[in-house]
Amino acid sequence: MSKIRGQKTKPELVVRKFLFSKGFRYRINDERYPGKPDIILHKYHTAIFVHGCFWHGHESCKAAALPKTNTDFWKEKIENNILRDRKDVELLKNKGWNVIIIWNCEINTQKKREERFARLVEEITQIGT
Ligand SMILES: [Zn+2]
């Protein structure tokens, strides 16, 4: 977890900067929406969550491996996070929002980031039309 905390640029900031540079305008951490999405794109009716792999329990991801000590404690904690995330996504979808989740491991190198961001633009613009 020290890796997560020690990160210089928060992943959600990286995503925001990218979207802004592409001309997208958004709101951040809007509390009126379930789960307080990292990014809300009103024009595209899209909510984006940028998830840390550990805290949000990214499935079959190396970065989401549970610590060897206090494993049960972490397991329960992360499982609760997963359930809460799922509920938030469902609530948003029920209200007609498109939901995109970006995992930290998808954007933690320059190369992966470029690929993910290219896909992201497609996802936003396709579902927005
Ligand atoms: Zn991951």
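Angle, helix 71-94 long axis vs. longest principal axis of the chain, Cα atoms, 0 to 90°, nearest 10? Rounded to the nearest ten degrees, it is 20.
If both residues of a DSSP beta bridge must be in the chain, then about 45% of such bridges are antiparallel. Note on segment 74-129: Rg/Rh from Cα positions, Kirkwood definition for Rh, rounded to two decimals, is 1.08. Put a dot 7 Å past the Cα of A65, heading toward its Cβ, do the same for K43, and the two dots end up 4.3 nm apart. Considering only Cα atoms, the convex hull volume of the chain works out to 113 Å³ per residue. Across every direction, the projection of the convex hull enclosing the Cα atoms of segment 16-75 has a mean area of 5.7 nm². How much of the accessible area of segment 10-122, probe 1.4 Å, is carbon plus sulfur, in whole percent? Carbon and sulfur atoms account for 51 percent of the accessible area of segment 10-122.
Between A64, A47, A118, the residue with the greatest mean-square fluctuation in the GNM of the chain (Cα pairs under 10 Å linked by springs) is A118. Between T109, T69, T46, the GNM of the chain built on Cα springs shorter than 10 angstrom shows T69 fluctuating the most.
On full extension, the segment bounded by I82 and K112 gains 8.4 nm, given 0.36 nm per residue less the C-alpha separation.
Compared with the dominant principal axis of the Cα atoms in the chain, helix 11-21 is inclined by about 10°.
Considering only K95, K87, K68, the Gaussian network model of the chain with Cα springs below 10 Å gives its largest mean-square fluctuation to K68. Quick check for you: with a 1.4 Å probe and neighbouring chains kept, what is the accessible area per residue of the chain, in Å²? Normalised by residue count, the accessible surface of the chain is 67 Å².
The values are calculated or read from the model by the stated rules, or taken from the named source; none is laboratory data. The structure displayed is predicted, hence computed values, not measured ones. No Cβ is skipped: glycine too gets one built from the backbone with ideal geometry, and neighbour counts run over all protein chains shown. SASA here: full protein model, heavy atoms, side chains in, ligands and nucleic acids out. Shrake-Rupley method; radii C 1.70, N 1.55, O 1.52, S 1.80 Å.
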